[in-house]
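First up is the structure itself, then whatever we jot down about it.
The values are calculated or read from the model by the stated rules, or taken from the named source; none is laboratory data. Everything quoted here is computed from the prediction, not taken from an experiment. Note that each Cβ is placed from the backbone with ideal geometry, even for glycine, and that neighbours are counted across all protein chains shown.
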Amino acid sequence: MRIEVDPDRCAASGMCALTDPDVFDQDEVDGTVVLLDPTAVGHEREAREAAHLCPAGAITVIE
């Protein structure tokens with residue numbers, strides 16, 4: 001599994017960072033998504049949930 005994020009599409013809602021702070025964070029300046037772990041080993045379920053919850057569709061999970 002691999003995760004991709006699109007910070008330009010991000011609405012800075014923070015749902016990703018709330019869902020899995022080990023994989024996602026938010027930029028301190030504008031609040032957009034920061035990907036900490038593109039493989040999310042051990043966090044696959046949470047990464048899928050974060051992608052599902054993202055209101056802007058800025059997170060893509062590639063199986």
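Summary table below
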read-out	value
Any hit, segment 13-21, residues being over 10 Å from the mean Cα position of the chain (by Cα) and not charged (D, E, K, R)	yes
Test set (1) at pLDDT 95 or above; (2) of a type in the set (A, V, I, L, M, F, W, C); (3) under 13 Å from residue 59 (Cβ atoms) - residue 29 fails condition number	(3)
